[in-house]
Amino acid sequence: MKEARQAVEYAAAELGFSALGVARADLPQHNTLKRWIEQGCHAGMNWMEKHLPARLNPQLVLPGVRSVIILTYEYPRRDARQKIGSVARYAQGEDYHKLLSSKLADLDETLSIYGGKQLCFSDSGPVSERFFAAQAGLGWIGRNGLLVRRRGGSFCFLSSILTTLELPVDSPMPNHCGNCRRCEEACPTGALHEGSCDARLCLSYWTIEARREEEDPPLAVKRALGKRMFGCDACQEVCPWNSLPPVCRVDPHLLMPARLARATLGELEQMGGETWQRFFAGFSMRRAGEKLLNRTVRSLRGSSRPQSRHEH
């Protein structure tokens with residue numbers, strides 16, 4: 001199926017994907033993810049435990065799957081400055097799920113010409129995308145748990161295509177982190193250790209995923225929040241591989257629009273209901289939900305207010 005691979009590679013490049021790699025679907029996955037969940041490091045992300053069998057066995061997702069195609073799509077490297085506080089680079093613009101889903105549908109159509117049956121995901125399905133990306137030679141898993149590439153670093157989205165076609169596969173590349181531990185040392189809460197991130201201490205988890213009202217951030221998280229409103233890029237900002245030039249131009253849809261960059265915490269605090277829904281419509285930041293995002297806004301507002309003499 002060399003022709004099918006060449007066709008999908010050409011189509012992917014035309015659609016703006018920066019790289020493509022292929023791995024066998026039946027590659028044995030180690031017990032790392034299982035142990036991570038057993039240790040409770042997934043915090044309140046219960047869907048990861050629920051879908052663990054499927055993540056470890058792609059046959060449960062697409063019966064007859066033979067190959068896993070992994071694609072990278074660049075997102076902004078620069079930190080967009082805004083009044084509301086820090087927003088993770090990947091979430092500064094439009095919702096990447098919607099942006100990439102239409103592109104993946106085109107690739108699905110291309111592979112169907114060669115008789116393949118596909119399922120496509122972009123950080124939205126029970127697929128171990130980072131594992132397969134590393135196996136497909138696109139990079140290696142860094143000490144921050146992210147895929148790191150020699151060209152492009154870690155500032156990219158991963159998309160996956162499970163296909164019944166048997167495509168030519170790629171070989172894994174060595175880990176090039178060496179003795180560097182800058183990401184671990186830069187983590188504000190010490191959540192990183194040897195390629196694993198403990199979500200219970202992760203600022204991204206507490207500003208994006210912790211939607212249960214009974215969840216209360218640990219004191220270490222509250223103290224380290226700083227001006228972060230949505231996510232945390234601390235481990236990526238210090239990675240030497242992210243200091244190299246980007247591999248291609250970033251999609252303008254992923255850049256922060258003026259209406260968000262100009263918004264203030266006070267304005268966001270006053271939003272609710274339909275007003276909130278309209279303002280964040282189409283943004284990746286909408287994922288956090290109104291309650292969690294407003295909780296973070298109130299926290300940031302409180303920390304930015306000067307203390308009175310009676311509060312010292």
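If you take the residues in the stretch 1-22 that are at pLDDT 95 or above and in contact with an Asp or Glu (Cβ under 7 Å, 6 or more places away or on another chain), which one is surrounded by the most Cβ atoms within 10 Å (Cβ to Cβ)? Here the residue is V22. Out of the stretch 152-168, which residues are surrounded by 14 or more Cβ atoms within 10 Å (Cβ to Cβ) and part of a loop (DSSP other than H, G, I, E, B)? Passing the criteria: G152, S154, F155, T164, L165, E166, L167.
Within the stretch 112-140, residues that are without any contact (Cβ under 8 Å) to a residue 60 or more places away in the chain and under 20 Å from D95 (Cα atoms) have Cβ atoms under 7 Å from residues that are of a type in the set (S, T, Y) and surrounded by fewer than 20 Cβ atoms within 10 Å (Cβ to Cβ) in these pairs: S122/S101, counting only partners at least 6 apart in sequence or on another chain.
Scan the stretch 9-35 for residues that are assigned to a helix (DSSP H, G or I) and under 18 Å from the mean Cα position of the chain (by Cα) and jot them down.
Scanning the stretch 9-35 gives a single hit, L33.
The number of residues in the stretch 118-147 being touching a Pro at 6+ places or on another chain (Cβ under 9 Å) and assigned to a loop (DSSP other than H, G, I, E, B) comes to 5.
Table: residues versus (1) modelled with pLDDT of 95 or more; (2) over 18 Å from S204 (Cα atoms); (3) out of contact with any Phe, Trp or Tyr (no Cβ under 9 Å at 6 or more places or on another chain).
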residue: R77; (1), (2), (3): no, no, no
residue: A88; (1), (2), (3): no, no, no
residue: Q92; (1), (2), (3): no, no, no
residue: L104; (1), (2), (3): yes, yes, no
residue: E109; (1), (2), (3): yes, yes, yes
residue: G115; (1), (2), (3): yes, yes, yes
residue: L119; (1), (2), (3): yes, yes, yes
residue: G142; (1), (2), (3): yes, no, no
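Suppose the filter is in a strand (DSSP E or B) and either crowded, with 21+ Cβ neighbours inside 10 Å or of a type in the set (S, T, N, Q) (or both); does S171 pass it? So S171 does not fit the description; no.
Residues of the stretch 36-62 that are part of a helix (DSSP H, G or I), hydrophobic (A, V, I, L, M, F, W, C) and surrounded by 14 or more Cβ atoms within 10 Å (Cβ to Cβ): W36, I37, M48, L52, A54, L56.
Does Y90 satisfy the condition of being touching a residue at least 60 places away in the same chain (Cβ under 8 Å) and crowded, with 21+ Cβ neighbours inside 10 Å?
It is false that Y90 is touching a residue at least 60 places away in the same chain (Cβ under 8 Å) and crowded, with 21+ Cβ neighbours inside 10 Å.
Number of residues in the stretch 45-88 that are farther than 30 Å from P257 by Cα and over 17 Å from the mean Cα position of the chain (by Cα): the value is 21. Of the residues making up the stretch 187-245, those that are over 19 Å from the mean Cα position of the chain (by Cα), assigned to a helix (DSSP H, G or I) and closer than 17 Å to C41 by Cβ are A220, V221.
The values are calculated or read from the model by the stated rules, or taken from the named source; none is laboratory data. On a predicted model such as this, the values are computed, not experimentally measured, just so you know. So basically every Cβ, Gly included, is an ideal-geometry build from the backbone, and we count neighbours across all protein chains shown.
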